[in-house]
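Peer 1: Just dropping this structure here.
Throughout, read-outs are computed from the coordinates displayed, never taken from laboratory work. Being a predicted model, the structure only gives us computed values, none of them experimental. Please note: Cβ atoms are built from the backbone with ideal geometry, for glycine as well, and neighbour counts cover all protein chains shown.
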Amino acid sequence: MVEVGQVVEGTVVKVMEYGAIVKLDSGESGMIHISQVDMNYVKDIRDHVSEEDRVSVKVVAVKDDGKIDLSIKQADPNYEDRPPERRGGRDPEFEKKLKKFMSQSNERLVDLKRHRDKR
C-alpha cells in the first residue's frame, strides 16, 4: 500500500481529457489530474503523457474509498509547494497602454459630444 508523500514509479495506462490513470509498480492504480502534470498551464495532457509512458509520481492523497491521487509535478525534486510569485507594484508597460487607451477614449467622447451638440 502506498502512502501519502511517497514518490513511486508507474506506467500510464489511460489518458483522458482531464487526467491520466497510472498503474503503479506496487499494482495499485491512481489518477493524475491535468493540473498536476506540469508547473505551467496544461491545455492538452496528451502533449505531456501518452499511454505506456513510465512516470515518476508523488502520492498526493489516498481517499477513504481507496482512490489514489498522484502528481507528476510534485514528484520533481525542484517542486516548491507555493503559489507562483506575482509581480509586485505596477507594470509600467500596462500603465502606458492604459494611459493611451484612456486618452483615446476621452478624445472619442469629446468628438461624440460635439457631433451630438451640432444636431
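Peer 1: Which residues does the label zone of Gln6 cover in the range 18-62, counting backbone N under 17 Å from a point 7 Å along Cα→Cβ?
Peer 2: Of the residues in the range 18-62, 22-32, 55-62 have backbone N under 17 Å from the label point off Gln6.
Peer 1: Would you tally the net charge around Gln6, using a Cβ to Cβ cut-off of less than 13 Å, leaving Gln6 out, and scoring K and R as +1, D and E as -1? Don't skip to the end; give the middle numbers.
Peer 2: Working: positive: Lys58; negative: Glu3, Glu9, Asp25, Glu28, Asp69.
That works out to -4.
Peer 1: Anything over 27 Å Cα to Cα? Flag those among Lys97/Lys118; Lys14/Lys58; Lys43/Lys100; Lys14/Lys67; Lys43/Lys96, in the order listed. Provide the component values of the computation, followed by the final result.
Peer 2: On the way: Lys97/Lys118 32 Å; Lys14/Lys58 18 Å; Lys43/Lys100 33 Å; Lys14/Lys67 16 Å; Lys43/Lys96 31 Å.
Beyond 27 Å between Cα atoms: Lys97/Lys118; Lys43/Lys100; Lys43/Lys96.
Peer 1: Which length gain, in nm to one decimal place, applies between Arg54 and Asp91 when the Cα-Cα distance is subtracted from 0.36 nm times their residue separation?
Peer 2: Working: separation 37, 0.36 × 37 = 13.32 nm, distance 4.19 nm.
Here the answer is 9.1 nm.
Peer 1: Now, a different point. For Arg108 and Val13, compute 0.36 nm times the residue count separating them, minus their Cα-Cα distance, and round to one decimal in nm.
Peer 2: Values: separation 95, 0.36 × 95 = 34.20 nm, distance 5.88 nm.
Once the chain is fully extended between Arg108 and Val13, it gains 28.3 nm.
Peer 1: Do any GluC sites (Glu not before Pro) in the range 1-107 lie in a DSSP loop with no more than 10 other beta carbon atoms within 10 Å, and if so, which?
Peer 2: Numbers: sites: Glu3, Glu9, Glu17, Glu28, Glu51, Glu52, Glu80, Glu85, Glu93, Glu95, Glu107; in loops: Glu3, Glu17, Glu28, Glu51, Glu52, Glu80, Glu85.
Within the range 1-107, the qualifying GluC sites (Glu not before Pro) (loop, at most 10 other Cβ atoms within 10 Å) are Glu3, Glu17, Glu52, Glu80, Glu85.
Peer 1: Given the rule -39500 (n - 2.57) for each run of at least 4 DSSP H residues, summed and divided by the residues of the chain, what is its mean residue ellipticity at 222 nm, to the nearest 500 deg cm²/dmol? Walk me through the numbers before you get to the answer.
Peer 2: On the way: 1 runs with 27 residues, N = 119.
Helix-only estimate at 222 nm: -8000 deg cm²/dmol.
Peer 1: Say we join alpha carbon atoms closer than 10 Å with springs in a Gaussian network model of the chain; which of Asp91, Asp53, Asp64 then has the biggest fluctuation?
Peer 2: Asp91
Peer 1: Rank the residues Leu24, Leu109 as a footprinting-exposure proxy: fewest other Cβ atoms within 10 Å of their Cβ go first.
Peer 2: On the way: Leu24 19, Leu109 10.
Fewest to most other Cβ atoms nearby, the residues stand as Leu109, Leu24.
Peer 1: Projecting each Cα onto the charge dipole of the chain (Lys/Arg +1, Asp/Glu -1 at the beta carbon, about the Cα centre), which of Phe94, His115, Tyr18 comes out farthest on the positive side?
Peer 2: Going by the charge dipole, the pick is His115.
Peer 1: Tell me the Rg and the Dmax, in Å, that the Cα atoms of the chain produce.
Peer 2: Every Cα atom of the chain included, Rg and Dmax give 24.9, 82 Å.
Peer 1: Quick one: dipole size for the chain, taken about the Cα centre, charges +1 on Lys/Arg Cβ and -1 on Asp/Glu Cβ, in debye to the nearest 20. Show your work: numbers first, answer last.
Peer 2: Details: 23 positive and 24 negative charges, 349 e Å.
Dipole about the Cα centre, nearest 20: 1680 debye.
Peer 1: Then there is this: So which trypsin sites (Lys or Arg not before Pro) in the range 1-72 are both in a DSSP loop and have at most 10 other Cβ atoms within 10 Å of their Cβ?
Peer 2: Numbers: sites: Lys14, Lys23, Lys43, Arg46, Arg54, Lys58, Lys63, Lys67; in loops: Lys43, Lys63, Lys67.
In loop regions of the range 1-72 (DSSP not H, G, I, E or B), the sparsely surrounded trypsin sites (Lys or Arg not before Pro) are Lys43, Lys63.
Peer 1: Quick one: the Cα spread of the range 7-75 along its three principal axes, in angstroms, biggest first?
Peer 2: So the extents along the principal axes, rounded to whole Å, are 29, 22, 19.
Peer 1: Continuing with this model, one more query. What do you get for the angle between helix 92-118 and the principal long axis of the chain? Use alpha-carbon atoms, 0 to 90 degrees, nearest ten.
Peer 2: Between the helix axis and the principal axis of the chain, the angle is about 40 degrees.
Peer 1: Let me ask something else. With a 10 Å cut-off between alpha carbons and a GNM built on the chain, which of Gly30, Gly66, Gly19 moves the most?
Peer 2: Taking springs between Cα atoms under 10 Å, the residue moving most is Gly66.
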